[in-house]
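Trainee: Just dropping this structure here.
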Amino acid sequence: MTESQKPLNFLEQIIEDDLANGYTKDQLRFRFPPEPNGYLHIGHCKAICISFGLGEKYNAPVNLRFDDTNPAKEEQEYVDAIKQDVAWLGYQWDKVCFSSDYFQKLYDWAIQMIKDGKAYVDSQTSEEIAAQKGTPTQPGVAGPYRDRSVEENLDLFTRMKDGEFEAGEHILRAKIDMEDPNMLMRDPMMYRIMYKEHHRTGNDWCIYPMYDWTHGESDYIEQISHSLCSLEFKPHRKLYDWFLDQVYTGEDVRTKQREFARLNLSYTIMSKRKLLRLVEENIVSGWDDPRMPTISGLRRRGYTPAAIRKFIDTVGVAKRENIIDVSLLEFNIREDLNKTATRVMGVLDPVKLIITNYPKGKEEMVVAENNPEDSNAGEHQVPFSGELYIEREDFKEDAGKNFFRLTLGNEVRLKNAYIIKGESVVKDANGNITEIHCTYDPESRSGSNTEASKRHVKGTLHWVSIAHAIPAEIRLYDRLFNHESPDGDKDTDFMQYVNPDSLKVITGYLEPFLADAKIGDRFQFQRMGYFNVDIDSTPEKLVFNRTVGLRDSWAKQKPKPQQNNAQPQKVAPQQQASALSQINKLGKKLANLPEEKRLATMESIQKLALDLTEEEVIGFFNTSAKKIGTRMAGIESLYAFAKAHSKSLKDIPGAEDFVEKAKEDSNELLREAASKL
C-alpha cells in the first residue's frame, strides 16, 4: 500500500477538516515539546514521529520546544541529548525554542489577568489549598485570599518576582471556578517561588510558571496550529482553552490541543522516575545502557532509526490506550537489519575441531556473500585451515534423529567451505569434549561446481579458523524485565521483575574481516543474531553488543492463562482468537495428522492467512519454532498471502530464504509444502 493509499488516521482527519473549514496550509505548524529533565525513551518516539511526520506530510514547519519551567530538574545535558536523539531519528526541526524565552511575556500576561480579576495571590499552605480543592464528586470551596483586591494582588506578585518572600510563602492562582466538575479548573496554580538557578536564565527569575499556564501560551506565541499530546492531557484541554481565552486576540491562529494514545510496551518501564532508580541502584550502567528503553540505549544496542520509525508507523495512531508487544519492535529491527547487515561468522561458545586429513600447514581463502538480501552488497574472503572453532552446541556425541548438526559418523557442511564427517572426540579428565576430530571431502568446496559440492547434507555450521580468529568481548543483552507488565502490580516492586540474565559477557572468536569494524557498525553473526560494535570498543579490544536474536526466544516463555474451576463461558465473537493465533495453534499438530485431515487443515490455514497483514506473515515465518508443523503453517500462510496479493517471494522480506531452507529439509512433508512456492 502506497503512502497516498493509506487511510487517514484521526489526527490527519482533524487537519484535513480544518483545511476544509478555513485553515490554509501555510498556517500549519507543529511542535515536539519535551521537558529537559531526562533522556527520551521509546515512548517519546511516538510523539516525535507523529509531530514531525505530520510536518513531512503537509510540508509544514515543526518546532523543537523545550518546556523548561522547573530549574530544579532541568539541565543543559538533557537539552543536548534530546537534540541528538531527534536528529538521529532523521528529523529536522524548523526552530529550537524554549519556554524560558517567554518568561517576560508570560509574566506580563499574568499581570493583566490580575488586573482583569482573573488571577490572585494565595498565601495558604499547600495542605490548606489541597483541602479546599474538594473531590471529583464534591465541589471545592473558596479560600480566604480568593477575593483580595487587585491592588494587593499586584503588590504581592511584584514582590514575589523581586525575591522578597520565602519559597512556598505565596503562589499565584488563576481565578476560575472552585465548583467546576473538572478539578483542574478549580483555581489552578500559575506561579510558585523557587530559588534555583535556571540552565538558561540563571538567577534572573525566582518565580517560575507552571506547566499548564506555560504550555498553551507557548504554543500560541509560536503560532502552533495543532498541539498534539498524549491522552493523559485530555482533562487539561478545558484549562488549556481557558488560558488561551485570556490572551487570544482573535486575529491570528488559535492553537487547538488534541490527544492520542501514548505508546506502552510489554516488558518495559517508561516512567522517568523508575528508569532513574535503575540507574541510581546500578542495575544498569547508565541512561544509554543497551537494555534501557531510552533512545540513546536503543542506539547503542544497534537499533536503527528506520526500524524505530517503521515500528511507530506499524503501531499507528489511536485514541485508546493499549499495550504493544515488544516483540513487534524486535521484529522491525530484524527486518531492517536483515536487509542491511553484513553476514559474518563468529563463534561464541567454542570447541576445537580438527580436520585430520586436511594438509598440515595449509591455509586457503573461501568466499562469503555479504548479504543475500542485497545483490550489490558484494562478498569478502574468509581464511580456512585445518583447525577451527565451531559452536559447542553444534556437536553431539549421541544425538537423536532430529539433530541435523555434527555427530559421529554423519556429515555436515562448513559454511562457504567443505563437507566434513565426524570421526572421534578427545575428552578431558572430567569427560568434557575438548576436541572433535573429523575428515573432509576435498572435492566438496562450496561454489566449485563439482559433483561433491552439490551433494546434499542436512546441516550447515558456521566456524572460524583458530589461527586467524580475533577474540572479542561479546555482550549478550536480553530483555531487562522477565515480566510482561513489570510495573502493573501495585503490590509488587517492579525491581522484583528485573531479569538476572539480561546481560551475559563472554569472549567470542570472530573472523578477521571484523578487525576493522568501527563503532556503530552492524552485522549478522550467522545463525546467532544481530550485533553491533559498542562505544567501548577499541582497535585492541573489540566489543560487540547483541542487538536481537534471529528469532523471538521469548515467544515460548509467555505464561499460559491460569486454569480455574469456574464454569467455562462462551466467548463472544469479538473475543475469538486472532487469525494469527489460530494458524499457530493449527500448525502445532499439522505434521502428525492423517493425510485427509492434514489437507483440510492446510486449507483452513490458507483461508485464515487472507486476514493477515504482511507484517504478521513475515513475523510468523521468521519466528516459527523448529517444529515441522509450525514451519508448514508458515509455508501455507505465505503461499496464501502471496497469491492473494499477487506478490512474489522476492517482494516479501526473508521469504526466499525461509522457503529454500524448507526445500532442503529432510522432512518430506515440509519439502512437499515448500515445493508449491
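The values are calculated or read from the model by the stated rules, or taken from the named source; none is laboratory data. Note that the coordinates shown come from a computational prediction; the quantities given were computed from them, not determined experimentally. Cβ sites come from the backbone with ideal geometry, for glycine too, and all protein chains shown count toward neighbours. The accessibility values were calculated without ligands, DNA or RNA, using every heavy atom of the protein model including side chains. Shrake-Rupley method; radii C 1.70, N 1.55, O 1.52, S 1.80 Å.
Trainee: I'd like to check something: does segment 324-336 contain any residue that is within 24 Å of the chain's Cα centre (by Cα), outside any helix (DSSP H, G or I) and on the phi < 0 side of the Ramachandran plot?
Mentor: Within segment 324-336 (the criterion being within 24 Å of the chain's Cα centre (by Cα), outside any helix (DSSP H, G or I) and on the phi < 0 side of the Ramachandran plot), the answer is yes, since at least one residue qualifies.
Trainee: Quickly run through segment 433-477 and pick out the residues that are charged (D, E, K, R), open to solvent by less than 50 Å² (accessible area, probe 1.4 Å) and either touching a Lys or Arg at 6+ places or on another chain (Cβ under 6 Å) or without any contact (Cβ under 8 Å) to a residue 60 or more places away in the chain (or both).
Mentor: E435, D441
Trainee: Criterion first (farther than 20 Å from D665 by Cα and surrounded by 14 or more Cβ atoms within 10 Å (Cβ to Cβ)) does V425 satisfy it?
Mentor: For V425, the condition - farther than 20 Å from D665 by Cα and surrounded by 14 or more Cβ atoms within 10 Å (Cβ to Cβ) - is met.
Trainee: Go through (1) part of a helix (DSSP H, G or I); (2) surrounded by 20 or more Cβ atoms within 10 Å (Cβ to Cβ); (3) touching a strand residue (DSSP E or B) at 6+ places or on another chain (Cβ under 8 Å) and name the single condition H44 misses.
Mentor: Exception for H44: condition (3).
Trainee: What tally of residues in segment 216-243 results from selecting those that are more than 11 Å from W109 (Cβ to Cβ) and without any contact (Cβ under 8 Å) to a residue 40 or more places away in the chain?
Mentor: So the count comes out to 6.
Trainee: In addition: Please pick out the residue among L677, L649, L612, L638 that is open to solvent by less than 60 Å² (accessible area, probe 1.4 Å), in contact with a Phe, Trp or Tyr (Cβ under 7 Å, 6 or more places away or on another chain) and at pLDDT below 80.
Mentor: L677
Trainee: Continuing with this model, one more query. What number of residues in segment 64-99 are part of a helix (DSSP H, G or I), aliphatic (A, V, I, L, M) and in contact (Cβ under 8 Å) with a residue 40 or more places away in the chain?
Mentor: Selection size over segment 64-99: 4.
Trainee: Considering only residues that are surrounded by 16 or more Cβ atoms within 10 Å (Cβ to Cβ) and over 27 Å from the mean Cα position of the chain (by Cα), which ones fall in segment 652-664?
Mentor: Those that are surrounded by 16 or more Cβ atoms within 10 Å (Cβ to Cβ) and over 27 Å from the mean Cα position of the chain (by Cα): V659, A662.
Trainee: State yes or no: is E16 in a helix (DSSP H, G or I) and at negative phi?
Mentor: Yes, satisfied.
Trainee: Here is a follow-up. Within segment 302-309, identify whether any single residue is crowded, with 17+ Cβ neighbours inside 10 Å, under 10 Å from the mean Cα position of the chain (by Cα) and small (G, A, S), and answer yes or no.
Mentor: Within segment 302-309 (the criterion being crowded, with 17+ Cβ neighbours inside 10 Å, under 10 Å from the mean Cα position of the chain (by Cα) and small (G, A, S)), the answer is yes, since at least one residue qualifies.
Trainee: Next question, about the same structure. So, in segment 82-116, exactly how many residues are open to solvent by 10 Å² or more (accessible area, probe 1.4 Å) and under 14 Å from F52 (Cα atoms)?
Mentor: Of the residues in segment 82-116, 10 are open to solvent by 10 Å² or more (accessible area, probe 1.4 Å) and under 14 Å from F52 (Cα atoms).
Trainee: What are the residues in segment 111-134 that are assigned to a loop (DSSP other than H, G, I, E, B) and over 44 Å from the mean Cα position of the chain (by Cα), if any?
Mentor: Scanning segment 111-134 gives D116, G117, K118, S123, Q124.
Trainee: Follow-up. If you take the residues of segment 117-141 that are among the β-branched types (V, I, T) and within 11 Å of R186 (Cβ to Cβ), which of them is least open to solvent (accessible area, probe 1.4 Å)?
Mentor: Going through the qualifying residues, I end up with I129.
Trainee: Separate question: For segment 180-198, enumerate the residues that are under 38 Å from the mean Cα position of the chain (by Cα), outside any strand (DSSP E or B) and over 17 Å from K73 (Cβ atoms).
Mentor: Those that are under 38 Å from the mean Cα position of the chain (by Cα), outside any strand (DSSP E or B) and over 17 Å from K73 (Cβ atoms): N182, M183, L184, M185, P188.
Trainee: I need a count of the residues in segment 323-335 that are open to solvent by 30 Å² or more (accessible area, probe 1.4 Å) and of a type in the set (D, E).
Mentor: Counting residues in segment 323-335 that are open to solvent by 30 Å² or more (accessible area, probe 1.4 Å) and of a type in the set (D, E) gives 1.
Trainee: Check segment 488-510 and report whether any residue there is surrounded by 14 or more Cβ atoms within 10 Å (Cβ to Cβ), touching a residue at least 40 places away in the same chain (Cβ under 8 Å), touching an Asp or Glu at 6+ places or on another chain (Cβ under 7 Å) and not in a strand (DSSP E or B).
Mentor: There is at least one residue in segment 488-510 that is surrounded by 14 or more Cβ atoms within 10 Å (Cβ to Cβ), touching a residue at least 40 places away in the same chain (Cβ under 8 Å), touching an Asp or Glu at 6+ places or on another chain (Cβ under 7 Å) and not in a strand (DSSP E or B).
Trainee: Sticking with this one: Of the numbered conditions (1) of a type in the set (V, I, T); (2) open to solvent by 10 Å² or more (accessible area, probe 1.4 Å); (3) over 26 Å from L54 (Cβ atoms), V315 fails exactly one; give the number of that condition.
Mentor: Answer for V315: the failing condition is (3).
Trainee: Go through (1) open to solvent by 100 Å² or more (accessible area, probe 1.4 Å); (2) modelled with pLDDT of 80 or more; (3) in contact with a helix residue (DSSP H, G or I) (Cβ under 9 Å, 6 or more places away or on another chain) one by one and return the number of the condition Q576 breaks.
Mentor: (2)
Trainee: Please verify whether Y23 is among the hydroxyl-bearing types (S, T, Y), open to solvent by 40 Å² or more (accessible area, probe 1.4 Å) and either closer than 22 Å to D94 by Cα or at pLDDT 95 or above (or both), treating the condition exactly as stated.
Mentor: Answer is yes for this residue.
Trainee: Since R309 meets every condition but one in (1) of a type in the set (K, R); (2) in contact (Cβ under 8 Å) with a residue 60 or more places away in the chain; (3) in contact with a strand residue (DSSP E or B) (Cβ under 6 Å, 6 or more places away or on another chain), which condition does it not meet?
Mentor: All conditions are met except number (3).
Trainee: At least 3 residues that are touching a helix residue (DSSP H, G or I) at 6+ places or on another chain (Cβ under 7 Å) and open to solvent by less than 10 Å² (accessible area, probe 1.4 Å) in each: list the helices (runs of 4 or more DSSP H) lying fully within segment 213-301 that qualify.
Mentor: 237-247
For (1) under 15 Å from W205 (Cα atoms); (2) polar (S, T, N, Q); (3) touching a residue at least 40 places away in the same chain (Cβ under 8 Å), each residue gets a yes or a no:
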{"position": "A130", "(1), (2), (3)": "no, no, no"}
{"position": "R146", "(1), (2), (3)": "no, no, yes"}
{"position": "E152", "(1), (2), (3)": "no, no, no"}
{"position": "M160", "(1), (2), (3)": "yes, no, yes"}
{"position": "E166", "(1), (2), (3)": "yes, no, no"}
{"position": "K175", "(1), (2), (3)": "no, no, yes"}
{"position": "M178", "(1), (2), (3)": "no, no, yes"}
{"position": "M183", "(1), (2), (3)": "no, no, yes"}
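Trainee: Only residues in segment 611-622 that are under 14 Å from D651 (Cβ atoms) and without any contact (Cβ under 8 Å) to a residue 40 or more places away in the chain count as the first member; pair them with residues that are open to solvent by 50 Å² or more (accessible area, probe 1.4 Å) and outside any loop (DSSP other than H, G, I, E, B), Cβ under 8 angstrom, at least 6 apart or cross-chain, and list the lot.
Mentor: Nothing qualifies.
Trainee: Pairs only if they're at least six apart or on different chains, beta carbon under 6 angstrom, first in segment 538-553 and within 16 Å of R522 (Cα to Cα), second open to solvent by 70 Å² or more (accessible area, probe 1.4 Å) and in a loop (DSSP other than H, G, I, E, B); list them, first residue then second.
Mentor: Partner pairs satisfying both residue conditions: V543/D536.
Trainee: If you don't mind, another one. Looking at the structure I just gave you, is G143 modelled with pLDDT under 95 and in contact with a helix residue (DSSP H, G or I) (Cβ under 9 Å, 6 or more places away or on another chain)?
Mentor: In short, no.
Trainee: Against the condition at pLDDT 95 or above and either within 29 Å of S266 (Cα to Cα) or assigned to a loop (DSSP other than H, G, I, E, B) (or both), how does R31 come out, does it pass?
Mentor: Taking the combined requirement at face value, the residue satisfies it.
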